[in-house]
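Computed from the coordinates by the stated procedures, all read-outs in this text should not be read as laboratory data. Remember, it's a predicted structure, so these values are computed and weren't measured experimentally. Positions of Cβ are backbone-derived with ideal geometry, glycine not excepted, and every protein chain shown enters the neighbour counts.
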Amino acid sequence: MEPITTHTGTGVPLRQSNVDTDQIIPAVFLKRITKTGFEDALFYAWRKNPDFVLNQEAYKNGTVLVAGPDFGTGSSREHAVWALRDYGFKVVISSRFADIFYSNSAKQGLLAAKVAQPDVELMWKELEKDPATEITVDLESRTLRCGTVDTTFEIDNYTRWRLMEGLDDISLTLRQDAAIGAYESTRPSLKPTTLPVKV
Amino acid sequence: MVEIASDKPLTLAEKVWRDHVVVRGKDNDGQRAPDLLYIDLHLVHEVTSPQAFEGLRLAGRPVRRPDLTIATEDHNTPTLEIDKPIADPISRIQVDTLRANCEEFGIRLHSLGDANQGIVHVVGPQLGLTQPGMTVVCGDSHTSTHGAFGSLAMGIGTSEVEHVLATQTLSLKPFKTMAVTVNGTLKPGVSSKDIILAVIAEIGTGGGQGYVLEYRGTAIEQLSMEARMTICNMSIEAGARAGMVGPDETTFDYVQGRPHAPTGEEWDTAVEYWRSLRTDEGAEFDAEVVIDADQLEPFVTWGTNPGHGVSLNDAVPQPTDFDDPVDRESAERALEYMDLEPGTRMKDIRVDTVFLGSCTNSRLEDLRKAAEIIRGRHKDPQVRMIVVPGSAQVRLEAEAEGLDQVFKDFGAEWRFAGCSMCLGMNPDQLAPGERCASTSNRNFEGRQGKGGRTHLVSPVVAAATAIRGTLSAPSDVLLPEPTPA
Ligand code: SF4
């Protein structure tokens, strides 16, 4: 997982509240066996509409999604984060995130930044007025700039630390490698093992 | 389960937890961070593992303990013509991917055609890999089955599967404990499936949330291991993270002599440890429910979640029987989906299909009990009955006893092992509108096939139903025919 401290990229205004995980990625894509390559699945239904924001040339390569409140509700599927990440998004901005989506994002290095709704509205206006507007997010200072909008975002200390260090769940646990090894050395030998095979 | 002091009387779950803590979570403003627990056994199948293995590959990580990991093919596999390539392309890709991953990471795999292939929760106990006092995980919610041995056994998600493969540990938040005390003795024809359906009807599908359940009391002590597995299997349907039974002589007898069970001196040491795991006198549970086994009748579900259960002698409930508006609405919707009129006697409901199988009820004992009821009889001509042993081994054992012949003579289909009609992921599915008496664990809308209607039952109720064509108790078919006047 890539550590992030700051990120600057094109903003994509998504004037939509309650973007649920079925809209982010429909269930049919859950049958895939890969963990990457979900960029085509992102907002699958909406992208069939030529007017959808990601179908507009100016926003196509956006990396910061600015959405309405209650982003990521619905099922717990981790695929929603994978699809956003694979498309190229590094940051999602909303005034409220669903709990599971929020924790899934942190695990995949996607920054979910909570910004007050009035500021989101201002950002939408800026991005729609000039699609070339870039957004800069700074995790160190928890600040965000988008054209004339200069504001702060909310993120808890733990999630911020993980993103800045680029630690996924497994790397975090592997920091305890010595403790795991110590535990293993005291495990009773009578505990079963699957190998060698006995039938 | 907040603080574990050494002098405090402990429950079974607390002891197993205590013995697996690798790193204790730090207190953070009064909130306990998760503990890091060691995992003794990791069961793997084709559906929830592909992305976990891919994650390892992308990060260049090995499987930490292939020798504590075992895989089998079950969810997607056909139960007919298993020597032919799997027809559905997606199922085939998942199975082929599992085979390639096990090869690459050095994991033991029991493939289709192997004597130990079968439903992951049947295979672990059968091999003696599931033993008391262990931590067992699998990317499947019915992992709770293994709690019957006094193990802490939990279903996990795909990213946790990857975490366990890489580290052999799992971060877990402490949970609460609930005693489910079942007193008395079951009447003939009533089985452990009826106990758990009654428990879920009592506490609701969310009643166990945040808890590890411990089933105890005289009725539980009298149950075989197979019957205990049926109960623990469905703990998840009450919303619980896990379900457990204290290990006793029944447990030890079941484990002894299995391929991976300890032997010689190690056996004695193991049994001594296992005995020490039982809940201490005076240990406190965070909650308790009490069920009277003497009062239980065979249970059956009428709706679309496992909490929608009634005694087989009852009728389909009225939505107005439910006080809570959410429950009432769910009942209305369920009745519509199930195409049932309130007030209909459960025993008047006709079924099209009877499914005997799934990790809930597909072990040798389940097959034996069903066979006992149908032996020498014929099924209702309009009913189709499918019998699917939980593992290839169970199939072989059943055949050695001639059970396959009993089922075939009865008119049932005798299949190869797998999850089969428990979920619509392989060729065994209900057609839209088809009604099924099923020994599986979930009666959700579309679970057994799009538009299919499921009534959850025990194996003996399934057998009696296949004879009469309508939902029936064993006592309905075992009574002597009335003599003509
Ligand atoms: S039999 Fe059903 S519940 Fe059990 S593991 Fe298979 S699909 Fe899951």
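Observations, loosely collected:
- Viscosity 1.002 mPa s, temperature 20 °C, Stokes-Einstein D of the protein assembly as shown from Kirkwood C-alpha radius, µm²/s: 80
- Fully extended contour minus Cα-Cα distance, from A:Lys191 to A:Ala132, at 0.36 nm per residue: 15.1 nm
- Within 10 Å of the Cβ of each residue in B:110-116, the mean number of Cβ atoms contributed by other protein chains is 1.
- The stretch B:37-169 shape via C-alpha gyration tensor axes, a/c threshold 1.5: oblate
- Estimated FRET transfer efficiency (A:Thr151, B:Arg32; beta-carbon r; R0 30 Å; 0.05): 0.30
- Here the Karplus curve 6.51 cos²θ - 1.76 cosθ + 1.60, taken at θ = phi - 60°, turns the phi angles of the stretch B:154-165 into couplings of 9, x, 9, x, 4, 6, 6, 4, 4, 4, 5, 4 Hz, with x standing for Gly and Pro.
- Rounded to the nearest 500, the 222 nm mean residue ellipticity of chain B from helices alone is -9000 deg cm²/dmol, with -39,500 (n - 2.57) taken per DSSP H run of at least 4 residues.
- Inter-centroid distance (Cα atoms) of the stretch B:408-485 relative to the stretch B:139-200, Å: 25
- Fraction of alpha-carbon pairs over 36 Å apart in chain B - percent: 28
- Number of partner chain Cβ atoms within 10 Å, mean per residue of A:173-186: 4
- Candidates A:Ser105, A:Ser17, A:Ser94, ranked by Gaussian network fluctuation over chain A, Cα under 10 Å, top entry: A:Ser17
- Gaussian network model of chain A, Cα within-10 Å springs - most flexible of A:Gln56, A:Gln16, A:Gln176: A:Gln176
- FRET efficiency estimate (nearest 0.05) - Cβ-Cβ, B:Asp323 to B:Ala431, R0 35 angstrom: 0.45
- Each part gets one Cα centre, and for the stretch B:344-380 versus the stretch A:74-148 those centres are 54 Å apart.
- Projected label distance in nm at A:Ser76 and B:Tyr337, using a 7 Å step from Cα toward the beta-carbon: 2.0
- Other-chain or far-sequence residues with amide H under 5 Å of B:Val44's (modelled H): B:Ile70, B:Ala71, B:Thr72
- Exposure proxy shown here: for B:His75, B:His378, B:His121, the number of other Cβ atoms within 10 Å sets the order, fewest to most, as B:His378, B:His75, B:His121.
- Positive end of the dipole of the stretch B:282-366 (Cβ unit charges, origin at the Cα centre): among B:Thr360, B:Gln318, B:Ala331, the Cα lying farthest that way belongs to B:Thr360.
- Peptide A:145-158 is shielded by partner chain Cβ atoms: per residue, an average of 0 of them sit within 10 Å of its Cβ.
- Applied to the stretch A:92-105, the Karplus parametrisation 6.51 cos²θ - 1.76 cosθ + 1.60 on θ = phi - 60° returns per-residue 3J(HN,Hα) values of 10, 10, 7, 7, 8, 10, 5, 3, 5, 4, 4, 6, 4, 4 Hz, with x for Gly and Pro.
- A straight chain from B:His378 to B:Asp114 at 0.36 nm per residue would run longer than the Cα-Cα distance by 91.8 nm.
- Rounded tilt (10° steps) of B:50-59 against the dominant C-alpha axis of chain B: 20
- GNM remark for chain A: springs join alpha carbons under 10 Å apart, and the peak mean-square fluctuation among A:Gly181, A:Gly37, A:Gly147 falls on A:Gly181.
- Separation of the stretch B:252-327 from the stretch B:30-58 is 26 Å, based on Cα centroids.
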